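Each remark here refers to the structure printed beneath this line.
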Amino acid sequence: RDGKIRVTIKPREVYLEFDLLKAWFKNRVKGYDLGGLVLKEEELIITFKKPTRKGSTVEYIGWDLNLYSLDGFSPKHGWIKPEPLHSYS
């Protein structure tokens with residue numbers, strides 16, 4: 001709201017507030033929508049998504065990424081599991 005993100009750390013007591021209008025990267029994300037927030041011990045990671053124009057997307061794939069796997073799903077192709085470049089086990 002008003003270009004600010006407010007993250008609750010402790011309900012009704014402690015908040016982290018970040019002003020996007022004063023951020024050094026604001027010109028890089030102009031016109032983008034706010035994506036997700038990832039709160040870590042020492043940092044707040046803010047993701048953005050670029051809105052697509054209606055009719056400009058022919059196909060799409062939804063991706064799920066974690067430490068051990070990368071999985072995608074396409075309505076046209078079904079599940080997609082790329083081979084890992086190297087193993088973390």
Checklist entry - Does the chain come out rounded, prolate or oblate by the C-alpha gyration tensor, with a ≥ b ≥ c the root eigenvalues, rounded set by a/c under 1.5 and, if not, prolate when a/b is larger than b/c and oblate if not? => result oblate
Checklist entry - Under a 5 Å amide H to amide H cut-off, with H placed in plane at 1.01 Å, what residues pair with ILE80 once short-range neighbours are removed? => result GLY72, PHE73, SER74
Checklist entry - Please identify the chymotrypsin sites (Phe, Trp or Tyr not before Pro) of the range 1-70 that satisfy two criteria: DSSP loop assignment and at most 15 other Cβ atoms within 10 Å. Which are they? => result TRP24, PHE25, TYR32, TYR60, TYR68
Checklist outcome for this item: Within the chain, pairs of Lys residues whose Cα atoms are less than 21 angstrom apart, provided they are eight or more positions apart or on distinct chains, add up to 17
Next on the checklist: Taking loop as defined by DSSP and a crowding limit of 12 other beta carbons within 10 Å, which trypsin sites (Lys or Arg not before Pro) in the chain fit?
Outcome noted: ARG1, ARG12, LYS26, ARG28, LYS30, LYS40, ARG53, LYS54, LYS76
Item to check | Label point distance in nm, LYS4-LYS81, each placed 7 Å from Cα along Cα→Cβ | outcome: 4.7 nm
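Percentage of Cα-Cα pair distances in the range 1-51 greater than 12 Å, rounded to whole percent? Present the calculation step by step, with values, prior to reporting the outcome.
Values: 877 of 1275 pairs.
Taking all Cα-Cα pairs of the range 1-51, the fraction more than 12 Å apart is 69 percent.
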Next on the checklist: If I take R0 = 22 Å and measure r between the Cβ atoms of PHE73 and ILE45 in this structure, what FRET efficiency does the formula 1/(1 + (r/R0)^6) give, to the nearest 0.05?
Outcome noted: 0.40
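No value in this document is a laboratory result; all are computed from the given coordinates. The structure presented is a predicted model; accordingly, all values stated were derived computationally and were not measured. All Cβ positions, even for glycine, are placed from backbone atoms using ideal geometry, and neighbour counts span all protein chains on display.
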